Structures are given as structure tokens and as C-alpha cells.
1. Could you pull out every one of the lysines with an alpha carbon less than 16 Å from that of Lys25, ignoring same-chain neighbours closer than 8 positions?
2. Report ³J(HN,Hα) in whole Hz for each residue of the range 118-130, in order, from the Karplus equation J = 6.51 cos²θ - 1.76 cosθ + 1.60 where θ = phi - 60°; Gly and Pro get x.
3. Between Lys42 and Ala137, how many nm apart are label points set 7 Å from Cα along the C-beta direction?
4. With axes computed from alpha carbons, what is the tilt in degrees of helix 6-17 against the longest principal axis of the chain, rounded to the nearest 10 within 0 to 90?
5. Determine, for each peptide in 115-124, 85-94, the mean count of other beta carbons within 10 angstrom over its residues, then list the peptides with the highest first.
6. What ³J(HN,Hα) values, in whole Hz, does the Karplus curve 6.51 cos²θ - 1.76 cosθ + 1.60 give for the range 37-45 when θ = phi - 60°, with x put for Gly and Pro?
7. Share of the chain's accessible area from carbon and sulfur, percent, 1.4 Å?
8. At q = 0.21 Å⁻¹, work out log10 I(q)/I(0) for the chain with the Debye formula, treating every Cα as an identical point scatterer and leaving solvent out; two decimals please.
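The values are calculated or read from the model by the stated rules, or taken from the named source; none is laboratory data. All figures in this text were calculated on a predicted structure; none of them were measured in a lab. Note that we place each Cβ from the backbone using ideal geometry, even for glycine, and neighbour counts take in every protein chain shown. Heavy atoms of the whole protein, side chains included, go into the accessibility calculation; ligands, DNA and RNA do not. Shrake-Rupley method; radii C 1.70, N 1.55, O 1.52, S 1.80 Å.
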Amino acid sequence: VLAYSGQTLAGMKLDGALFFPAQIKTLLTDVKVGFPQTIGDKDFLPVQGKIGGALATLYFDQDNGLLVRMMRYAESPVGRLVMQYDYSDYRDVNGVKIPHKWTYTWLDGRETFELTEVRTNVTIDNSKFAKPAPVPAKK
């Protein structure tokens, strides 16, 4: 169990909100739209804002409006930390385009997540959200 606070917690709130895009407008402050930037062979529109002191830049595909990259930054004792998320394989889920693949890149490596199925409005047992029991100390 890890306890998060400050810019790290704020950034994680943004990570979760990206799956419910209507919340982005209420979470980000000091929003600025930048000039189009090229990633690979496509042009994207960057939108930058702050959430709880953390800075984030969202890159939207100019052709379809989908989020393709999010970079968020947090200050640390060793300098600014950069976390990058690249989203792809968007599929329609009840009329909403949801990325089924994303790659998270950070200081110590890269992780790729791929979903095989996304269901909406599914009942989830509250026990799934309970804090895990402490792990017994090794003897």
C-alpha cells in the first residue's frame, strides 16, 4: 500500500479522469492551447494545464479529436519528473471511444497495458475498493 500526496496524487487524479473526459475541464486550471506539433508523421494539438500544482500537456489528434499522448510533470527533490502516456487502439464502447492500449513511460522503464474488453455500468463489489490487509513481517 502506497500513500500518495501532493503533485503525485494530483497527477494520478488526472490519469483517472482521462477515462471520463468530461471531468478534464473541471480538473485542469490555467489551460492554454499551443501550436500544432508533429508526433511521428501526424500533427497534434497540445493543451496544457495544471492540476493541484502539477503540470500536464495533452496532445489531441487534429483529425478525430482523440487524446494520443499525455505528459505530466511533477517536481521532486532531484528535479522535474516526467511521466508520459501514449494512447491507441480506440474502440467504440456504448458510443464512446475508449483506448484499449496505452503505454506508460517513466524514469525506470515502460509498461504497456492492453484491454481485451471494456464494459460500462457494471456492478463492482465494494470489497474490491477496500484497503488491503497489512502483509505480515517476515521472520
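1. The qualifying lysines are Lys13, Lys50.
2. With the stated coefficients, the range 118-130 comes to 10, 10, 9, 6, 8, 6, 10, 4, 4, 4, 5, 9, 6 Hz.
3. Between Lys42 and Ala137, the simple spin-label model gives 5.3 nm.
4. For helix 6-17, the angle is close to 70 degrees.
5. Working: 115-124: 7.9, 85-94: 14.7.
Going by the mean number of other Cβ atoms within 10 Å, highest first, we get 85-94, 115-124.
6. 10, 9, 10, x, 10, 10, 9, 10, 9
7. Numbers: 5490 of 10020 Å².
Reported share for carbon and sulfur atoms: 55 percent.
8. -1.49
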